[in-house]
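These notes are about the structure you will find just below.
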Amino acid sequence: MSHSPVIALTMGDPGGIGPEILVKALQKEKPSRRLAYLLIGSRQTFKTLCQKTGLWLPFKTVQIVSRGVLRAGNIYFLDISQKLPGGGAFKIGELCRENGRLAFSAIEKAAFLAKQGIVDAVVTAPVNKTAIRLVDKKFIGHTEFLARKAGTRRFAMMFVSPRLNVTLATIHVPLKKVSGLLTKKSILEKILLTDEMLKRGLAIKKPRIAVCALNPHGKEFGNEEIKVIAPAVRAACRKGINASGPFSADLLFHAAYHGKYDAVIGMYHDQALTAFKLVAFHDGVNVTLGLPYIRTSPDHGTAFDIAYQGKADPSSMLAALRLAQKAVLAKCLRR
């Protein structure tokens, strides 16, 4: 008998809005009869959420996770707090070690299950990186952590929305280091990963990918466009990808937003995300490219200031869940 595909959902920082938007999203998006869902977190967190807001879901608690246990159409719950120091204790709206430990443990468990092939996708709620660094000093972010655990060096951070999709050529690095990190190979890699996601994840048959220049007005104020970026674009074209550029960023995002391109490759974090969050702050989705499984997350933070008040907007989490579902089901059809 074939096993049901499984989507794991991590609760994020228990002191933030992660638990609330997860419950709201799962309430709005009724479980697919073709998928099983595994929520990974602390039971105490969700009990507190229910007490303060009335939000709850009929989870089915599991102690051991395996394909044979998780059946389509059901939402399961795995409590990772039982073996941790302090158990499920956490603090609402605060940056602290207890919250970081619980959030990190949920991510670790999801990464392990995904590497074992037990889950097909991971949807992660927002975490506070500083809190997690109180537990693991080397933690940079979800993207880098999941790529390391999966054993992949070829990965990228992409952001998806109805009208604008962007991929970052560099991720969490100081601006002064960006130029030195850009290479023909690395930019080509991001173009290839983006093309694959557009085709397989978003069902765009012939994607149009545009690549940003690094400098103002392109090559007018630097040589990275000529020496690094343009050669990467030409290499992508030789591989049959409809890629173009480099284009000045101040014009490119406007063109992409109005439908001329299906995705933009930005050279650094704020170049791409300033434009993206301006138009997709509430429904943008963060996608990690290059993993052997699908990973999505909402494109916002923990919002400690409104935690456990019932005010959190689940739109971005709902979009992340729907994108994961779509990608998993599409992947199953290709098997």
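General observations
- When the P(r) is computed for region 69-172, the part past 20 Å accounts for 50% of the Cα-Cα pairs.
- Global size of the chain: 20.0, 61 Å for Rg and Dmax (C-alpha atoms, Rg to one decimal, Dmax whole).
- Distance between the C-alpha centres of region 268-282 and region 1-45: 26 Å, rounded to the whole angstrom.
- Rounded to the nearest 20 debye, the dipole size of region 234-334 about its Cα centre is 640 debye, using +1 on the Cβ of Lys and Arg and -1 on the Cβ of Asp and Glu.
- Dipole magnitude for region 31-90: computed about the Cα centre from +1 point charges on Lys and Arg Cβ and -1 point charges on Asp and Glu Cβ, it is near 200 debye.
- Cα-derived Rg to Rh of region 3-134, Kirkwood definition: 0.95
- Helical mean residue ellipticity (222 nm; -39500 (n - 2.57) per DSSP H run of 4+; nearest 500) of the chain: -11500 deg cm²/dmol
- With Cα atoms as the point set, the radius of gyration and Dmax of region 196-335 evaluate to 17.2, 53 Å.
- The value of relative contact order for the chain, using C-alpha pairs under 8 Å at least six residues apart, is 23 percent.
- Protein heavy-atom surface of region 116-170, 1.4 angstrom probe: 50% of the accessible area is carbon and sulfur, with nucleic acids and ligands not counted.
- A Förster radius of 45 Å, combined with the Cβ-Cβ distance separating PHE221 from LYS311, puts the computed FRET efficiency at roughly 0.50.
- Segment ARG97-THR183, length gained on full extension (0.36 nm per residue, minus Cα span): 27.2 nm
- Region 181-237 - percent of accessible surface contributed by carbon and sulfur, probe 1.4 Å: 57
- Highest mean packing comes first when the peptides 279-286, 116-123, 180-187 are listed by Cβ atoms within 10 Å, giving 116-123, 279-286, 180-187.
- Dipole axis of region 10-110 (+1 Lys, Arg; -1 Asp, Glu on Cβ), positive-most option in SER42, ILE64, THR10: ILE64
- Convex hull volume of region 200-241 per residue (C-alpha atoms, cubic angstrom): 82
- Share of carbon and sulfur in the accessible area of region 1-96 stands at 51%, probe radius 1.4 Å.
- For the chain, a Gaussian network of Cα nodes joined below 10 Å ranks ASP270, ASP195, ASP299 by mean-square fluctuation, and the top entry is ASP270.
- Residues of the chain: accessible area per residue with a 1.4 Å probe, Å²: 45
The values are calculated or read from the model by the stated rules, or taken from the named source; none is laboratory data. These numbers come from a predicted model, not from an experiment. Every residue, glycine as well, gets a Cβ built from its backbone with ideal geometry; the counts of neighbours run over all protein chains shown. Please note that ligands, DNA and RNA were not included when accessible areas were found on the heavy atoms of the full protein model with its side chains. Shrake-Rupley method; radii C 1.70, N 1.55, O 1.52, S 1.80 Å.
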